[in-house]
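The values are calculated or read from the model by the stated rules, or taken from the named source; none is laboratory data. Please read all numbers here as calculations on a predicted model, not as lab measurements. Note that we place each Cβ from the backbone using ideal geometry, even for glycine, and neighbour counts take in every protein chain shown. The protein model used for the area step is the full one, side chains on, heavy atoms only, and it has no ligands, DNA or RNA in it. Shrake-Rupley method; radii C 1.70, N 1.55, O 1.52, S 1.80 Å.
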Amino acid sequence: MAGAPLIIDCDPGVDDAIAILLALGSPELDVRAVTTVAGNRSLDSVTHNALGLLALAGRADVPVFRGAARGLLPRNVRFSFAHGDDGLGGYEVLPFAASAGEAHAADAIADIVMAEPPGTVTLAAIGPLTNVALAFAKVPALAGRLKRLAIMGGAVGVPGNITPVAEFNFMHDAVAAEIVLSSGAAIDLFDLNLTRRVVVTDELLAALEAGGGHVALAAAAMLRAYAQRDLAIHDPCVIADLLAPGLFGRTARRIAVDYRPGPTDAQSIVDMDPASTRPLVNLVDEVEAPAVLSLLAERITRLG
Ligand code: BDR
Ligand code: CA
């Protein structure tokens, strides 16, 4: 049986890399494209990393499309330190022949989704939401056409990781985050409250290294470097939920994102107003972390 169609919009990034490998190692999913957005590193750097990761996994057939080089509003945000200078924790991708496609990521996302029957394509958005917001602005029917929009972003009721209240992806483009969360798409939101519970463990590293294949060893090397600065395996949670939704629990909430400059910039706020017309999203708030880590190790080890 063919896998379920999936687009991954990302900024690799070590945890993005692990998310991509998890998807590629899972026959339930058919990765139709990887689209890139500036976030953890520059657009050039994350696009290079996406192409290199696909080559590493022997999947250079998956097209890559470059997207936004910065957020919708000029912002004074820095790249992430957690992923090292190259974005992959010092892991050097081997030379590869493929290059990114001509289309902008926002157009590629819209074209792929609109070419398939409604409610069939899932979009996993694990970087700043600029490409997704642009795609929704260009093709308003797109939000309602997705099967699911699974997002890593936000810090709902917990401290942020880039300011006291803001999470990295939302901070990079808070306007885009607000556009997307109010779009009415069928959203599952994986915020820091959830993803901080899924952390790099010695058992995970040992399982990947015991697999012994070149992909699993590369994943372990990236995670070892990343774990010096951030233990949470944020982005792979999004993919794990597509594979094993029973490992996660969720609550319907209305979530707003503040995009006013100042101390509350990019804060995620639960809208409790009973008269609110803001669409509900699924806030993912429970996880069986050990089972997610086992799934990760098993699927990535399969890639070799
Ligand atoms: C998010 O920010 C990035 O550094 C990670 O890749 C993840 O998508 C966590 O806040
Ligand atoms: Ca990311």
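Tabulated data for the structure shown
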quantity	calculated
Solvent-accessible surface (1.4 angstrom probe) belonging to ASP85, in square angstrom, nearest 10	140
Relative contact order (percent, whole number), the chain, Cα cutoff 8 Å, 6+ residue spacing	21
For the chain, radius of gyration divided by Kirkwood radius, i.e. Rg to Rh on alpha-carbons	0.93
Spacing of the two label points (7 Å from each Cα toward its C-beta) at ARG302 and LEU231, in nm	2.9
Angstrom value of the Kirkwood radius, inverse mean 1/r, which spans all Cα pairs in the range 106-156	11.1
With Cα atoms, 0 to 90° folded angle of helix 289-302 axis to the chain main axis	50
Exposed-site-free run, longest, the chain (rule: trypsin sites (Lys or Arg not before Pro); DSSP loop; at most 13 other C-beta within 10 Å)	79-228
Neighbour-limited loop hits for GluC sites (Glu not before Pro), the range 101-205 (at most 13 other Cβ within 10 Å; DSSP other than H, G, I, E, B)	GLU102
Helix 14-24 axis, angle to the chain major axis (alpha carbon atoms, nearest 10°)	80
Dipole in debye (nearest 20) - the range 37-193, about Cα centre, beta carbon charges: Lys, Arg +1; Asp, Glu -1	220
Farthest positive-ward along the range 4-302 dipole, Cα basis, beta-carbon charges - from LEU223, ALA275, LEU146	ALA275
Mean separation of Cα contacts under 8 Å, 6 or more apart, over the residue count of the range 206-304: relative contact order %	38
Cα long-axis angle, helix 214-226 against the chain (0 to 90 degrees, to the nearest 10)	50
Separation of alpha-carbon centers, the range 230-255 and the range 178-226, rounded to whole Å	10
Convex hull per residue volume in Å³, alpha carbons only, for the range 137-274	147
Taking the range 1-157 and dividing mean pair separation by its residue count, relative contact order in percent (alpha carbons under 8 Å, at least six apart)	27
Beta bridges per DSSP with both ends in the range 4-302, % antiparallel, nearest 5	30
Förster radius 30 Å - calculated FRET efficiency between MET114 and SER42 (Cβ-Cβ, nearest 0.05)	0.55
